[in-house]
Amino acid sequence: MSNEKKPLNHLAIIMDGNGRWAKKRHKPRFMGHKEGMNNIRRIALAANDLGIKVLTLYAFSTENWGRPTDEVNYLMKLPINFFDKFMPELMEKNVRVNIMGYADELPEKTSQITQKAMADTANNTGMILNFAFNYGSRREMISGVKKIAQQVKTGKLSLDEINENLFAKELMTAKLAPYEDPDLLIRTSGEERISNFLLWQIAYTEFSFTKKLWPDFNEEDLKKLIEEYQTRDRRFGKV
Ligand code: IPE
Ligand code: IPE
Ligand code: MG
C-alpha cells in the first residue's frame, strides 16, 4: 500500500509572496501581483500536464479587503486581465474555470468577467482551475451551518440527518466533487499558516511549505514538491 503511487487529484496553492517579490526589486507591490498573475498561467499549464484534476488557487481572501485601496483595486482588476490574456489558451487546453467566493461583493466588472469565464468553459472536461477569490473558510462554514439550520427550522431536515457528508455539500467546494478535499496544499513565500483557507477540507491534506516567492515558483519547484509528496505515507488514521 505505502509503495503505491499516491493519487494527486486536487492540488491547492496559497500563492503568497507577491509583495515581497516586488520589494526585493524595489518595485511597487502591484508589480508583484502582475508577475504573480502571469505565474498562474505557468503553474496551471504544468498542473494540467501532470494530470491534476483540480487546481485550487487562493487569490484573494475575505481579509484582503483590509489592504490599501489602491492595492485592492488592482487585485480586483487581475481577473479581468487574466482572462483577457489567457482565455484562448485555457480553452485550447480544455480547462474548466471555477471561482469560489462571495461574488456579489466584487466590483461589477470583476464579477461579470468571472461569471463569463465560468460560463465559457462550462463544457470543458479537463482540469478544473478553481480560484478562491473573496473566499474565507470560517465564513463559508457559517453560511453552511445557517443553510442547514434553516432546513431544520422548516422541518425539511431532522437533526439526526446532519453528518459530515451533508455539511460538506453546503461548502463551496461541493462543486468539485468527487475531489472536494485537496490531497496536497502548497504555500509559497516561507509563511507556514493557513490564513482562513479550506479549514474543513484540509483535515487529511498533506502540507508543503516552500520559501520560494509565488512569482518565482516554477514548474520544476512544483514537480519537486509533488515528487516529495509521492514519498509520503498517508495513513488517514489507520496503521
Ligand atoms: C499574495 O501575495 C497575493 C495576495 C494575498 C493577494 P502578498 O501580496 O500577500 O505578498 P506578501 O505576503 O506581502 O509578500
Ligand atoms: C493569504 O495570503 C491569502 C492569499 C494568498 C490570497 P496573505 O498574505 O493575505 O496572508 P497573511 O496575512 O500573511 O496570513
Ligand atoms: Mg502575503
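Worth a mention:
- If you run the Gaussian network model on the chain, springs between alpha carbon atoms under 10 Å, then out of THR110, THR154, THR125 the most flexible one is THR154.
- Sites ASN81 and HIS26, calculated FRET efficiency, Cβ-Cβ separation with R0 30 Å, nearest 0.05: 0.85
- Fully extending the segment from LYS116 to LYS238, taken as 0.36 nm per residue of separation minus the present Cα-Cα distance, adds 39.5 nm.
- At R0 = 22 Å, FRET efficiency that the Cβ-Cβ distance of ASP221 and ALA177 yields, to 0.05: 0.15
- Cα gyration tensor shape of the range 40-175, rounded if a/c is under 1.5, else prolate or oblate by comparing a/b with b/c: oblate
- Largest-first principal axis extents of the Cα set of the chain (Å): 58, 49, 34
- Exposure rule at most 12 other beta-carbon atoms within 10 Å, DSSP loop GluC sites (Glu not before Pro): the chain longest free segment: 64-191
- Simple spin-label estimate for LEU199 and TYR102 gives 1.5 nm between the two label positions (7 Å along the Cα-to-Cβ direction from each Cα).
- Cα centroid of the range 18-81 to Cα centroid of the range 115-191, whole Å: 22
- Measuring r between the beta carbons of ARG41 and SER143 and using R0 = 35 Å, the FRET efficiency lands at 0.65.
- Counting only lysines at least 8 places from LYS109 when in the same chain, those with an alpha carbon closer than 26 Å to its own are LYS34, LYS77, LYS85, LYS93, LYS175.
- For the pair MET91 and GLU191, label points projected 7 Å from Cα toward Cβ lie 3.6 nm apart.
- A cut-off of 5 Å between modelled amide H atoms, ignoring neighbours fewer than 5 places along the same chain, links ILE99 with PHE131.
Read-outs: derived from the displayed coordinates by stated rules, not from any lab. All of these numbers come straight from a predicted model, not from anything done at the bench. Every residue, glycine among them, receives a Cβ derived from its backbone with ideal geometry; neighbour counts consider all protein chains shown.
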